[in-house]
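Enquirer: The structure that follows is given in the form of structure tokens.
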Amino acid sequence: MPVEILMPELGESVHEGTVSRWLKKEGEFVKEDEPVVEIMTDKVNTELPAPASGILTKILIPEGSLVEVFKAMGIISAPGEVGDAPVATAPASAPAVDAVAKGEPTEVKIASDGSKKWFTPVVRSMAKERGVSDDELAAIAGTGESGRVTKKDLEAYIASGRKSPAAPASVQPVAPVVTQVSKPAPEPKPVTPTVAAGDQKLVPLAGMRKMIADAMVRASQVPTVSTVTQVDVTNMVKFRTLNKDSFLETYGVKLTYTPFFIKALTEALLEFPLVNAQLTPDNQILMNGGVHIGVAVALGAKGDEGLIVPVIRDCQNKSLIELAKDLESIAKAARSNSLKPSDVQGGSFTLTNPGTYGALFGTPMINAPQAGILGTYAINKEAVVIDDMIAIRSIMHLVLTYDHRLIDGLLAGKFLAAVRDKLQKFDFFK
């Protein structure tokens, strides 16, 4: 019997995924437990193994398309086996099953406009047995995928009072109920296909870039404001310069500036819990008890292969050393494409560090539905005035972008000042 390749449940909050790549083509042989398809959820790619050995006879969900949990993505048949049972062999008392799993749909033309509508062998066989014509089938409102008429739809149609099959011409098709409106909704304006010219070429927006694009569109719907402050991080720079070699030797991880940012950010989020919250779609404020900070990681040797935000959980319970180890661990997992969907879920706030590639200033995009994101920018030596004297200090900028529906300017300013003061005082070891 043909075996369906089903979309598994990859996490508690994962209800669908995107088929990013089929590793086998239709007609190719696949071994059981051999990777057959890549699924992307929350920008994490997961290879799914084949549930059985055989021929990949049908790809139901093409690359770049969404698939819901527990839905079939493809069909594997044993070598020499016909994956779809013909109409003639379908038993009259076949149980109600999903149309796709029961066979390849056949087509019938709708007399009124010449367009085509698809039916499975089970539905065609049952209609023939009950004397239901093709025109009647075409008039039934289907509840299956893409409006396909299922066996249950046909049974409901017959049970609704259809007359004897001996007189199908007098049967009135069951039409779907349509709510009358005073003015019809305008049809969407067709998109003119893009044509490449000269040395140009078109590349489809798919996979991670498609996920990022969708996330940015959602984020653009949030009314945000950005606030910036300047920070003197001379003490932090001196400490790292003096201790980075011994830190690596003692703890086995590099000491970067990011763990200090996470530490200061965590302490400030505990002081201002509303910044660590999020606004839900039903207009509830979800307050987070723990601080779970997502850290933006650029992928690829040049940083041009996408962006992912793995989460360091319960930062409030971790030391600077533990944060440094967690940071290195998630960065390695992200760049080796070994993150799990759970590794990028459940963040309560996001940190992005464009300063690592020299950016002086920017306004980071919020990671909706979180209430805020902090951008940390490049550290440079600058001449500043201290006690009416000029001094050379290590200076950087912090930029907070926040959801203005939850956070007002005063709260944002106090929060940002708290992060700044913690970095300037640099008393994390006291």
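Enquirer: Among the residues of segment 331-359, which ones are in contact with a helix residue (DSSP H, G or I) (Cβ under 9 Å, 6 or more places away or on another chain) and at pLDDT 90 or above?
Expert: Correct list: S348, F349, L351, N353.
Enquirer: Now, a different point. Looking at segment 259-300, which of its residues are of a type in the set (S, T, N, Q) and in contact with a Leu (Cβ under 6 Å, 6 or more places away or on another chain)?
Expert: Within segment 259-300, the subset of a type in the set (S, T, N, Q) is 266, 276, 278, 280, 283-284, 288.
Scanning segment 259-300 gives N276, Q278, T280.
Enquirer: In segment 392-411, how many are within 26 Å of T356 (Cβ to Cβ) and surrounded by fewer than 21 Cβ atoms within 10 Å (Cβ to Cβ)?
Expert: 6
Enquirer: Quick check: is even one residue across segment 187-201 over 18 Å from I366 (Cα atoms), touching a helix residue (DSSP H, G or I) at 6+ places or on another chain (Cβ under 9 Å) and either outside any helix (DSSP H, G or I) or not hydrophobic (A, V, I, L, M, F, W, C) (or both)?
Expert: No: zero hits.
Enquirer: Right, something else. Name the residues in segment 286-297 that are touching a strand residue (DSSP E or B) at 6+ places or on another chain (Cβ under 6 Å) and either within 23 Å of F426 (Cα to Cα) or surrounded by fewer than 21 Cβ atoms within 10 Å (Cβ to Cβ) (or both), would you?
Expert: Matches in segment 286-297: L286, H292, I293, G294, V295, A296.
Enquirer: Taking the conditions exactly as written (closer than 17 Å to T376 by Cβ, part of a helix (DSSP H, G or I) and modelled with pLDDT of 90 or more), does V275 satisfy them or not?
Expert: yes
Enquirer: Answer yes if at least one residue in segment 375-384 is β-branched (V, I, T), assigned to a strand (DSSP E or B) and under 21 Å from V309 (Cβ atoms), and no otherwise.
Expert: Yes, segment 375-384 contains a residue that is β-branched (V, I, T), assigned to a strand (DSSP E or B) and under 21 Å from V309 (Cβ atoms).
Conditions (1) of a type outside the set (G, A, S); (2) buried (at least 20 other Cβ atoms within 10 Å of the Cβ), marked per residue:
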site	(1), (2)
V309	yes, yes
C315	yes, yes
K318	yes, no
L327	yes, yes
S342	no, no
L360	yes, no
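Enquirer: Specify which of the listed residues (G27, G11, G83, G17) is in a loop (DSSP other than H, G, I, E, B), in contact with a Ser or Thr (Cβ under 8 Å, 6 or more places away or on another chain), outside the structural domain of A333 (by TED's automatic domain parsing) and at pLDDT 80 or above.
Expert: G27
The values are calculated or read from the model by the stated rules, or taken from the named source; none is laboratory data. Remember, it's a predicted structure, so these values are computed and weren't measured experimentally. Heads up, the Cβs are rebuilt from the backbone with ideal geometry, glycines too, and the neighbour counts pull from every protein chain shown.
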